[in-house]
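Shown next, in structure tokens, is the structure this report addresses.
The values are calculated or read from the model by the stated rules, or taken from the named source; none is laboratory data. Quick caveat: nothing in here was measured; it's all calculated off a predicted structure. With ideal geometry, Cβ positions are generated from the backbone for all residues, glycine too; neighbour counts draw on all protein chains shown. These accessible areas exclude ligands, DNA and RNA; they are computed on the full protein's heavy atoms, side chains included. Shrake-Rupley method; radii C 1.70, N 1.55, O 1.52, S 1.80 Å.
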Amino acid sequence: MSASHYVYLGPEGTFTEAALRSLPEAATRELVPMVSVPAALDAVRSGAAAAALVPIENSVEGGVTATVDELATGEPLMIYREVLLPISFALLARPGTTIADVKTVTGHPVSQPQVRNWLAANLPDALWESAASNADGARLVQEGRYDAAFAGAFAGPKYGLEPLVTDIHDAENAMTRFVLAGRPARPAARTGADKTSVVIWLGDDHPGALLELLQEFSARGVNMMRIESRPTGEGIGRYCFSVDCEGHIADRRVGSALMGLKRICPKVRFLGSYPRAGVEAADLAPLRAGTSDEAFAEASEWLARCQDGRG
């Protein structure tokens, strides 16, 4: 593996691979599967890979904790792209298997909540055991360790399996969000439809501590798109917060909010500003009055006039 490679949560045949192959730049890179999210991100940290695509959020199950925690700890990385992939599963089995033969099933832990109702209705007695990924579950079925696996239908030919059922999902329009992470560098230029991600640590536990954090966004008209608390490992009740918000660090309102957080929090980790997947600037609602770059510039000029005695 060289520093020009892109890595992803493997093995081959995962939804992560499918998401990575949807990026135009992936066509010019060698794509290498890794055994876990930490292994993929560590390959980037070590310089063995240029970037890693990993799942970070699912519309049914929420955050992918392995990714959220890895980005919050260790040597810093930055997010440069996001990919949204519609998710539906096929029940893959060895040729000749019937539904009646399925007594054990496997798949990634995040997949189980997305097929739980289907399992209860169609295979109520089947035993579920988790696999490192959906494609790894397909490999385990190929090896005879389980009767069937929930994976993308595209994984079937890779592992010599056939779909017993396709288009399985408990929730319509289920999506998984993936992020392309690399070593820290200057963020891409803003597009007008961007997202900024940070991890924030509270200094101490006191009444209103979280509210103070939220007000740094609210007072500047910055819309928070996701907030998730994660334990820091420093003891019960010690948490950090993984946050996605609308806008780019180059937007005055977003930059000002981040500076406000830095003033009141002992640690803020900037994870990047990057284009929102599937959204154009024309799709967004107008900014709240007083939160545009122009409004910030006018206020700054007014303050300077006041300081000069010209206010």
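Roughly how many Å is it from the Cα centre of the stretch 32-77 to that of the stretch 191-205, as a whole number? One Cα centre to the other: 18 Å.
Charging the Cβ of each Asp and Glu at -1 and of each Lys and Arg at +1, and nothing else, the dipole of the stretch 186-310 about its Cα centre rounds to 260 debye. Contact order for the stretch 89-168, expressed relative to its length and based on alpha carbon pairs under 8 Å spaced 6+ residues apart, stands at 50 percent. When both bridge partners sit in the stretch 82-225, DSSP labels roughly 70% of those beta bridges antiparallel.
Per residue, the average separation of C-alpha pairs within less than 8 Å and at least 6 apart gives the stretch 1-54 a relative contact order of 53 percent. Computed from the alpha carbon atoms alone, the convex hull of the stretch 89-168 holds 72 Å³ per residue. With the helix formula -39500 (n - 2.57) applied to DSSP H stretches of n ≥ 4, the chain reaches a computed 222 nm mean residue ellipticity of -8000 deg cm²/dmol. Relative contact order, whole percent, for the chain stands at 20, derived from Cα pairs under 8 Å and 6 or more residues apart.
Normalised per residue, the accessible area of the chain is 47 Å², obtained with a 1.4 Å probe and no contribution from ligands, DNA or RNA. The candidate values were [x] 66, 45, 35; [y] 87, 45, 39; [z] 63, 50, 35; the one computed from these coordinates for Cα extents along the principal axes in Å carries the label [y]. Using a probe of 1.4 Å on the protein chains alone, the accessible area found for VAL35 is around 120 Å². Partners of LYS267 within straight-line reach, counting aspartates and glutamates whose Cα lies under 13 Å from its Cα and excluding those fewer than 8 residues away in the same chain: ASP204. The listed residues GLU216, GLU234, once ranked by accessible area (1.4 Å probe) with the largest placed first, stand as GLU234, GLU216.
Here the stretch 1-70 exposes an accessible surface that is 52 percent carbon and sulfur, computed with a 1.4 Å probe and the other protein chains kept in place. Summing Lys, Arg as +1 and Asp, Glu as -1, what charge do residues with Cβ under 12 Å from the Cβ of ILE264 carry, ILE264 excluded? Result for the neighbourhood of ILE264: 0.
Modelled label positions at MET175 and SER229, each set 7 Å beyond Cα in the direction of Cβ, lie 2.7 nm from each other.
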